[in-house]
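The values are calculated or read from the model by the stated rules, or taken from the named source; none is laboratory data. Computed from a prediction, not measured in an experiment: that's the story for all the values here. Cβ sites come from the backbone with ideal geometry, for glycine too, and all protein chains shown count toward neighbours. SASA here: full protein model, heavy atoms, side chains in, ligands and nucleic acids out. Shrake-Rupley method; radii C 1.70, N 1.55, O 1.52, S 1.80 Å.
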Amino acid sequence: MNEQWSKIYERSLDCVHCGLCLPACPTYLETGRETSSPRGRIYLFRAVAEGRIGLSEAVEEEAFLCLGCRACETACPSGVRYGNMLELVREQVSQEGLGEGWPKKIERWALRGLLPHRRRLGWAMTFLRAAQRLGLDRAALPLLPNALRELHSALPEIPPARERRRLPTLIPAVGEKRGTVGFLVGCVMPELFGAINAATVRVLAHNGFEVVVPAGQVCCGALHAHSGDLAYARGLAERNIEAFGNAGVDVVVTNSAGCGAALREVAEWLPGRGEALAASVRDVAEFLDSEGLREPHGRIDARVCYDDPCHLIHGQRVEAAPRRLLAAIPGLELVAHADPGSCCGAAGIYNLTHREMSLAVLERKLDALVAVAPDFIATGNPGCLMQLRSGANRIGLAAEVVHPVELLDRAYSGEVAGQESVR
């Protein structure tokens, strides 16, 4: 048993097989298979660690069929660290070369060769936007295999270049300064959700915080870890430890639930090196709620449904803070739907690699949202934003899908002066 399998085995011993995780597991609810539940997967992983079964394609299939939503961790009375165990198993699966077909090779190329490289990713997004504007992507659809046509349907509209500009390295506080924070821009966020990043730093500045955006920061590594490429994720974490360490900030704010969860666990990836960065990370909603929100005076007369990103509610255990911030906006009515803490099926790039299961999980979520008919659906993760927007458009749900900071930014609109540089 190697060192990694020893860790997996030790973590598996925390599971008492009570089954309380089963009703929380999206893939178990869809399949009804014990092996597709957290309990069943842990049993498989332990069997491999003990040498009772080999590391087979069946184990690989279940390890990657899991959404990694970590709802089982919230439900678990024994404190099983399932998310960490899953990443370690996926790393072992990848090192054995299981499931290494062309889709996995393309995924690995995109995650290593494109996503962490800001300039390359920017060029790719510029090309995709041009193709979308000219209709070239739609014209090519009949020539593509069904799998790629499905992927095209999940691709969001690429924003114009003005929304993809880099943020300034320093955004001054508005009014009395309350402190200085670092901001993680992410890799996908600047290219697909640059307007959300700009809204985030405006809201932080309006609340009296000077925002530092270190130039040396890189992708958080979450998608790499989820795909079994922990070695590459560790390399990215090293660079972020250096970038934010050099920035001299005590708090690093994120607006992406997946990034926040990953950064909070860099000490797991890099013991003895990642503890300071992990301890400094705060989701933007968590941070503003704890520091005290300056009262917004602009009104938003709308019904808003907040949907919890899995890696915020389960990975970071942040649930009430976003709701309190939204409830502070004058005129806004916060309405609940039946199952806000369940997974939407996005799960990083799961909606691309396991499209059928992703859509099945999403249907349950959409049914709950349709039942309350909100004007806005608010959620704090890029994958969830894309998944819910795509689903809402497909079924004709008129609600606008937004990040909570976008609504706060709209409520502050007109009050903030001197922030043109991030608009």
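For the range 239-375, the Kirkwood radius over C-alpha pairs fed into Stokes-Einstein at 10 °C and 1.306 mPa s yields D = 94 µm² per second.
Extension gain, E96-R317: 0.36 nm per intervening residue step, less the Cα-Cα distance, totals 76.2 nm. Checking every one of the chymotrypsin sites (Phe, Trp or Tyr not before Pro) in the range 218-278 against DSSP loop status and a limit of 13 other Cβ atoms within 10 Å picks out no site at all.
Could you give me D for the range 3-57, from Stokes-Einstein at 20 °C and 1.002 mPa s, where the hydrodynamic radius is the Kirkwood radius over C-alpha pairs? Units µm² s⁻¹, please. After rounding, the answer is 182 µm²/s.
Quick one: accessible area per residue over the chain, 1.4 Å probe, rounded to a whole number of Å²?
Solvent-accessible surface per residue comes out at 43 Å².
Derived from the Cα gyration tensor, the three semi-axes of the equivalent ellipsoid of the range 232-281 are 14, 13, 10 Å, largest first.
Contact order, relative form, for the chain: 15 percent (alpha carbon pairs under 8 Å, 6 or more residues apart, mean separation divided by residue count).
Placing +1 on the Cβ of every Lys and Arg and -1 on the Cβ of every Asp and Glu, with no other charges, gives the range 283-423 a dipole of roughly 280 debye about its Cα centre. Take the Cα of N2, step 7 Å toward its Cβ, do the same at R355, and the gap between the two points is 3.4 nm. Shape annotation for the chain: C-alpha extents along the principal axes are 65, 52, 41 Å, from largest to smallest. Extending 7 Å from the Cα toward the beta-carbon at both T74 and E242 defines two label points whose distance is 3.8 nm. Nonpolar atom fraction for the chain, defined as the carbon and sulfur part of the 1.4 Å probe accessible area, stands at 54 percent.
Helices that extend 15 Å or more along their long axis by alpha-carbon positions and average at least 0.0 on the Kyte-Doolittle scale are, among the DSSP H runs of the chain, 38-49, 194-206, 355-372. For the range 151-253, the equivalent ellipsoid built from the Cα gyration tensor has semi-axes of 25, 20, 10 Å, listed from largest to smallest. Taking amide H as placed 1.01 Å from N in the peptide plane, V402 has its amide H under 5 Å from the amide H of I377, A378, T379, each at least 5 places away in sequence or on another chain.
By the Cβ rule of 4.7 Å, the chain holds the following cysteines without a possible disulfide partner: C15, C18, C25, C66, C76, C305, C344, C384.
With the helix formula -39500 (n - 2.57) applied to DSSP H stretches of n ≥ 4, the chain reaches a computed 222 nm mean residue ellipticity of -14500 deg cm²/dmol.
So, with +1 on the Cβ of K and R and -1 on the Cβ of D and E, and no other charges, what is the size of the charge dipole of the chain about its Cα centre, to the nearest 20 debye?
Result for the chain is approximately 980 debye, rounded to the nearest 20.
Straight-line cross-link partners of K104 among the aspartates and glutamates, defined as a Cα under 20 Å from its Cα and at least 8 positions apart when in the same chain: E57, E60, E61, E62, E87, E91, E96, E150, D229, E356. Using the Cβ of R120 as centre and a radius below 14 Å, the other residues enclosed give a net charge of +3, where K and R count +1 and D and E count -1. For the range 221-298 versus the range 83-128, the spacing of their alpha-carbon centroids is 20 Å. Close amide H contacts of G179 (hydrogens built in the peptide plane, cut-off under 5 Å, sequence separation of 5 or more or a different chain): E210. The range 355-408 has equivalent-ellipsoid semi-axes of 18, 14, 9 Å, by the square roots of 5 times the alpha carbon gyration tensor eigenvalues, sorted largest first.
What translational diffusion coefficient, to the nearest whole µm²/s, does the range 304-423 have by Stokes-Einstein, given a Kirkwood radius computed over alpha-carbon pairs, a temperature of 4 °C and 1.567 mPa s viscosity?
86 µm²/s
Tally Lys and Arg at +1 and Asp and Glu at -1 over the other residues with C-beta under 10 Å from the C-beta of E400: what net charge comes out? Taking every other residue near E400 into account, the sum is -1. Mean sequence separation of contacting Cα pairs (under 8 Å, at least six apart), scaled by the length of the range 224-308, corresponds to a relative contact order of 26 percent. Which of P103, N351, L230 sits farthest toward the positive end of the charge dipole of the chain, with +1 on the Cβ of Lys and Arg and -1 on the Cβ of Asp and Glu? Highest projection toward the positive end goes to P103. The HN-Hα couplings worked out from phi for the range 295-304 by the Karplus form 6.51 cos²θ - 1.76 cosθ + 1.60 (θ = phi - 60°) are 4, x, 9, x, 9, 10, 7, 7, 9, 10 Hz, whole numbers, x standing for Gly and Pro.
Extension gain, L29 to E61, is 9.8 nm, computed as 0.36 nm per intervening residue step minus the present C-alpha separation. Projecting the Cα atoms of L136, V335, V59 onto the charge dipole of the chain (Cβ charges, centred on the Cα centre) puts L136 farthest toward the positive pole.
Here, P(r) means the percent of Cα pairs in each 5 Å bin from 0 to the largest distance; for the range 1-142 it is 2, 9, 16, 17, 14, 12, 9, 9, 7, 4, 2, 0.
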